[in-house]
Structure formats: C-alpha cells, structure tokens
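Down below is the structure, laid out as structure tokens.
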Amino acid sequence: MRLLVICPHYEPDVAPTGVVMTAICKELIAAGHELQIVTALPWYENHRVKPQWAGRLVRNEDHPWGRVSRVHPFPTDKGNIPARSVAFAGFTGLVTLVALFRRPRPDGVLAMSPPITLGLAGALVARIRRAPFVFNIQDVFPDVAIEVNAIRSPRLIRVARGLERFTYRRSDAVTVLSEDLRDNVVAKIGAGSRTRVRVIPNFVDTSAISPGTRDNSYRAEFGLGDRTVVMYAGNVGFSQPLELMIDAARELKHRDDVVFVINGGGSGRAAAEAAARGLGNVRFVDFQPRERLPEVLAAADIHVIALRRGLARASVPSKLYSILAAGRPVLASIDAGTEVAKVIDVSGSGRAVPPEDGPAFTAALVELLDDAAGRQSMGRNGRSFVESWVSPAGVAHAYAELFADLRS
C-alpha cells in the first residue's frame, strides 16, 4: 500500500509528535508499505530551523521505500497569534503544493494535528487524488488554545470551531488517543459519527525505555547528587501550570534532600525562571538529545505531569507512558476522570490531584517524598502496566488495517 503522510515534525526533529509519527512510519515501512512523507524542516528544539537545514524552502530525501519532503515551517512567537496564523497558512500552503505533486497516486492520506490546518491539506489532497483520508488528532484544537487564553476573539474562535468541524466532516476517519478525546470529537460532529472516530492510542517502546539506575551521568552533569529529584520534562508552555512545582519548592526549601528540575523549554520558561528566582532548590535544564531520554527519565525519583483545568479532555500527554516505562512514579495535576487520571488509578503508578490546586499538589508530593518504598512499588506497577501496552508495530498495524477497511 502507498501512503502519503502529512505531519508537522519528523526525525531528526525532537518534538513528541514527531517521535510518534516517525515510529509509526518506520513500522509501516518495515511491514512493506511505500511512504511519501511531507513534513517541516527540523525546528522544534530552538524554535528556529536548524542551521544545517536552512537556506531552502523545500528539501527532498529519497529512500528505497519512498521520499521525505521537508518544507519551511516559518517559526514565529507562540504568543503572537496573528503572526502564527500567517505562518501556519504559509506552512500549510507549501505542504499542500508538495503533497499534490507526489507520485505515484497514494492509496491513502494520513495527516496529523496540531496544527489543525494540516487537516485541510490532507482533505484537499485526498479529494483530488481520490484516496481515503485519515485525520489523526493529538490535541483537540481549538479547545486547548481557548482554555489557555491563546485565542480570545469570539470571531476567531468561531472561525477555528468552523475549521475544526469542516475538517472532521471531510475525513473518512478521525483517530484520537483516548475515549475522552473521542467523546469530544463526536460531540462536535454528531452522534452518528461515532463509528468514524476511532481510538488508536499512542505507544511506548518498552525496549528503548526501561528502568535504569538513578545515579547516572545526567545527575552528575547537573549537580543533583543523591537528592530526591522531582522532575518535569517536556514543553514549558501555556498549558503547563509549573507554578505548582515552584510553589512547592518554595514551601520545601528547608529540605536539603530534595531538588526540583524543569527539563525543557518553550514559551513559558522565562516566566517560570522568573518565578523561581532565588530558589536554590530549582534547576532549569535545556532539552536533551532524544537518545538521552531514558537517562533523563531514570534520573528522577518523581515525575510531574500538569495541565491546566479543562485541558485533559482535549490533550493526552504522551510523556505519561514513557515515565511508566522508566519505572518511575507520577504525580499528576489533572482533571479527574480523564485518561491520565484513569491510567494512574488503574495501574497504581502514582497520585493524581485536581488541576491547579497548589495545596493538594504539595501535600501529595510530601507524601511521595516521605515514602521511598511506596515510590518503588508505584514504579514497578507502572512498568508492568505498559509492558502490556500497544507497541509501535501494533499502532502501525492498526493504521494499515484502517486504510484497508476504508479502501474496501
């Protein structure tokens, strides 16, 4: 089967969605499928195109299994919504043009969101090339943008909602990561669409990420010593209320056995650093190379997942499964009854508290800090849970089966 894949990131870009799509594509290739991939030039790590990739709007790489075409993403400040909208339009336009002229004709088109505009590209290309279109939703847009006040204009919200519904209805199938996200999408396009919205969860590669020693070179490099490390690793943006960690660090600054690490970057990092100024028990570390992820995960004793109120019904942090694979407990500040909270409850892999509730977060954290044996048990529980989880090959097979069903 020949598949055209449209996605915002692909290796060597380090964005989480790029890691997911890269693994799925590799498994599809291993199963004998031919792929044409249209994506962005690598830019995620420093929010600008890497120097070795700069200088051209489009770059093509030919492989025995197909071609990877990379187009300029026009990076802009996330806080500048008009500029970002123009950038998305330019990126989507380039993606559409490149995808339309891919040869031979694809048997199916798979596009990933965010950005939602790639759904328009996928739908248009699929219609012209007369191929089924599958739209993969990682985060539900514009819900996340509205919740964090990135979009405030009622007119812009109406346009975004209209674009969202239009794209869903032009898809032959919409894939989401959890039942929460499925309910969200179905509510927007009608109960009769439920069979068209499929749950295909993300995966964790338990062979690549496994429980490792906490005393590793990451701890040595950043001077963490033998202290109990409370870590947030990932994007530091509008959606992540990391003031919870900083406030907890302020309350626990008398404990010299604990250190807080925020490993990552993004639009919210400067504000987080300003809030943590003067706290000697908070460390900020830049994004690490992808190959170092198992070491980063192993260096922590407690991992934090935090989303602002309401966001967990529109987004599932993929880092959850990597943390569990590393055999580390999770402290999540998250909406009750959503995917992360359910997984933690079912697996016994940590604690979940209400979103943006500082006292509840700090109280749960203190309990974990004072219960080393309990943390180890939670880590083992999490690892056992994900060992039975869907593999990258299993997710790729689910997509191949979905396209086969749609073609028939």
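Evaluate the following for SER85: is it among the hydroxyl-bearing types (Ser, Thr, Tyr), assigned to a strand (DSSP E or B) and either over 19 Å from LEU28 (Cα atoms) or in contact with a helix residue (DSSP H, G or I) (Cβ under 9 Å, 6 or more places away or on another chain) (or both)? First the steps, then the outcome.
Numbers: among the hydroxyl-bearing types (Ser, Thr, Tyr): yes; assigned to a strand (DSSP E or B): no; either over 19 Å from LEU28 (Cα atoms) or in contact with a helix residue (DSSP H, G or I) (Cβ under 9 Å, 6 or more places away or on another chain) (or both): yes.
So SER85 fails the test.
What helices (runs of 4 or more DSSP H), lying completely within the stretch 308-408, carry at least 3 residues that are within 20 Å of VAL199 (Cβ to Cβ)? Walk me through how you get there before you give the answer.
Details: elements: 319-325, 339-347, 358-369, 372-387, 392-407.
Of the helices (runs of 4 or more DSSP H) lying wholly inside the stretch 308-408, those with at least 3 residues that are within 20 Å of VAL199 (Cβ to Cβ) span 319-325, 339-347, 392-407.
Of these, ALA160, ALA173, ALA121, ALA83, which one is in the same structural domain as ARG67 (by TED's automatic domain parsing) and loosely packed, with under 15 Cβ neighbours inside 10 Å? Show your work before the answer.
On the way: ALA160 fails: loosely packed, with under 15 Cβ neighbours inside 10 Å; ALA173 fails: loosely packed, with under 15 Cβ neighbours inside 10 Å; ALA121 fails: loosely packed, with under 15 Cβ neighbours inside 10 Å.
Among ALA160, ALA173, ALA121, ALA83, only ALA83 is in the same structural domain as ARG67 (by TED's automatic domain parsing) and loosely packed, with under 15 Cβ neighbours inside 10 Å.
Given the residues ARG255, ARG292, ARG283, which is the only one that is part of a loop (DSSP other than H, G, I, E, B) and not β-branched (Val, Ile, Thr)? Break it down stepwise before answering.
Values: ARG292 fails: part of a loop (DSSP other than H, G, I, E, B); ARG283 fails: part of a loop (DSSP other than H, G, I, E, B).
Unique residue meeting the criteria: ARG255.
How many of the residues making up the stretch 319-336 are free of Cβ contacts under 8 Å to residues at least 40 places away in the same chain and either surrounded by fewer than 24 Cβ atoms within 10 Å (Cβ to Cβ) or touching an Asp or Glu at 6+ places or on another chain (Cβ under 7 Å) (or both)?
2
Here is a yes/no grid of residues against (1) farther than 30 Å from ASN381 by Cβ; (2) at pLDDT 90 or above:
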site	(1), (2)
ARG165	yes, yes
VAL185	yes, yes
SER193	yes, no
ILE200	no, yes
VAL204	no, no
ASP215	no, yes
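Do we find a residue being touching a residue at least 24 places away in the same chain (Cβ under 8 Å), under 19 Å from ALA400 (Cβ atoms) and either within 23 Å of the chain's Cα centre (by Cα) or part of a helix (DSSP H, G or I) (or both) anywhere in the stretch 90-104?
Among the residues of the stretch 90-104, not one is touching a residue at least 24 places away in the same chain (Cβ under 8 Å), under 19 Å from ALA400 (Cβ atoms) and either within 23 Å of the chain's Cα centre (by Cα) or part of a helix (DSSP H, G or I) (or both), which makes the answer no.
Among the listed residues LEU365, LEU297, LEU311, LEU307, identify the single one that is of a type outside the set (D, E, K, R), within 28 Å of GLY223 (Cβ to Cβ), crowded, with 24+ Cβ neighbours inside 10 Å and within 19 Å of the chain's Cα centre (by Cα). Please lay out each step first, then the result.
Numbers: LEU365 fails: within 19 Å of the chain's Cα centre (by Cα); LEU311 fails: within 28 Å of GLY223 (Cβ to Cβ); LEU307 fails: within 28 Å of GLY223 (Cβ to Cβ).
The unique qualifying residue is LEU297.
The values are calculated or read from the model by the stated rules, or taken from the named source; none is laboratory data. Quick caveat, the model's predicted, so the values are computed rather than measured. Every residue, glycine as well, gets a Cβ built from its backbone with ideal geometry; the counts of neighbours run over all protein chains shown.
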